[in-house]
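Accompanying notes for the structure given below.
None of the figures in this text is laboratory data; all of them are computed from the coordinates on show. What you see is a predicted model; the values in this text were computed from it and never measured. Cβ sites come from the backbone with ideal geometry, for glycine too, and all protein chains shown count toward neighbours.
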Amino acid sequence: MAKESMWALLIFVAAIRGSLAGIPREIHLLRPRSGSAGERVHGLSCLSWRLGVETNNIKNWTTVPLECEGYVGHYMLGHQYREDSKVVAREAVLYAKSLKLAGDGKDVWVFDVDETLLSNLPYYAKHGFGAEPYNSTLFNQWVLTGKAPALPETLELYRELLKLGIKPIFLTGRTEDQRKITSSNLRNAGFSNWEMLILKGSTYSGTTAVVYKSSERRKVEESGYRIVGNIGDQWSDLLGIHAGNRTFKLPDPMYYIS
């Protein structure tokens, strides 16, 4: 190597070292001591845990690791959750606009409800952002208030789909006895029109969300509809059969539904 090239390389390395001076090596200061099942996981960060959850590599977890409660809370209440949701919704709109629709009123889009159309953040902010064990009694009391706000990004997607002539179908794990309050909450949040609102009947008691939603989507298609899109916050909203031509996964590191 020529002497001039050697000196140039040394100067470059020194400059890089100087630019890194004072920058902490920790990417994120919130580092948990345990995994989703409570066991110690050496070197696992909350950011990595959330990535594992969102990619469906971490499954069947029951609560957010206690050490990650603060991280998940900051994520959900901060700008990053909204930005991530915007990316998903934007891609869904671009996809929808690219479709060549039949124009016969049979093209539909399936929406989940909780953490998709409606946000339960006001509830989870008071209950550890998923770090507390799920309490069905308390959560159902919240549902019955009918005060869940819309997820703004999904509301925009919903409006764009209506303009395109794609009819929305709402498919939720909420039970049939919550139909009235759910309908009211949806309308008050801005979701005023839908082709179907499907709630979980007693015949699905004990079944997983994948089984229940697959069965109901099959019924939709057997009725002559074409599911051109499907969006939800849980992988169980999107897996299984009759999932639609394309699916979109919204972020949700607060709970897991199989």
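Numerical summary
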| quantity | calculated |
| --- | --- |
| Segment Met196-Ala125, length gained on full extension (0.36 nm per residue, minus Cα span) | 22.5 nm |
| Ranked by how many other beta carbons lie within 10 Å on average, peptides 137-144, 126-133 from highest | 126-133, 137-144 |
| Cα gyration tensor shape of segment 77-183, rounded if a/c is under 1.5, else prolate or oblate by comparing a/b with b/c | oblate |
| Whether segment 107-160 is rounded, prolate or oblate, judged on the alpha carbon gyration tensor where a/c under 1.5 counts as rounded | prolate |
| Under 14 Å, Cβ to Cβ, from Tyr81 - net charge with Lys/Arg +1 and Asp/Glu -1 | -3 |
| Globularity ratio of segment 102-249, using Cα Rg and 2.2 N^0.38 Å | 1.02 |
| Estimated FRET transfer efficiency when R0 is 41 angstrom, pair Asn140-Lys163 (beta carbons, to 0.05) | 0.75 |
| Across Lys59/Lys180; Lys106/Lys213; Lys126/Lys249; Lys126/Lys163; Lys59/Lys97; Lys100/Lys219, pairs whose alpha-carbon gap is larger than 30 Å | Lys59/Lys180; Lys126/Lys163; Lys59/Lys97 |
